[in-house]
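See below for the structure under consideration.
Every number in this text was worked out from the coordinates using simple rules, so none of it is lab data. In this text the structure is predicted, and so the values were computed from the model without any measurement. Every residue, glycine among them, receives a Cβ derived from its backbone with ideal geometry; neighbour counts consider all protein chains shown.
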Amino acid sequence: MSDDSKEFMAWIDALTKGIIAGCAFGYLFSLTGLLPPAKAVVLGGLAGCLASITFKNRRDDKRDKGKMDREKLDQKKRGRDK
């Protein structure tokens, strides 16, 4: 698989998990009787979608920062070896 397709599948995976978790949480919230089940599930799915996008972006930022830190360490080691 190419890098683009791996990244796309990572987005699909994150969105799927977020939507499913959000819908489940919305349904459980509907059991309180404050919202009808259909509306609670839809709102939960939307909230889960947005939350999964946020978590994926934060995770990617941490990975990118880790890569940059490792590259800096490698450059320092190469500088000492000379």
So what is the relative contact order of the chain, in percent, for Cα pairs below 8 Å that sit 6 or more residues apart?
-> 28
Could you pull out the pairs from LYS6/LYS72; LYS17/LYS62; LYS56/LYS77; LYS17/LYS39 whose alpha carbons sit more than 22 Å apart here?
-> LYS6/LYS72; LYS56/LYS77
Magnitude of the charge dipole, the chain, Cβ model with Lys/Arg +1 and Asp/Glu -1, debye to 20 = 580
Per the helix-only calculation at 222 nm, which mean residue ellipticity applies to the chain, given -39500 (n - 2.57) for every DSSP H run of n ≥ 4 and division by its residues, nearest 500 deg cm²/dmol?
-> -32500 deg cm²/dmol
Quick one: helix 3-30 against the long Cα principal axis of the chain, what's the angle to the nearest 10°, folded into 0 to 90?
-> 30
What the Cα atoms of the range 6-82 span along the principal axes, largest first and in whole Å, is 70, 23, 12
Under Karplus coefficients 6.51, -1.76 and 1.60, residue-wise ³J(HN,Hα) of the range 44-55 in Hz, glycine/proline x | x, x, 5, 5, x, 4, 5, 5, 5, 5, 4, 5
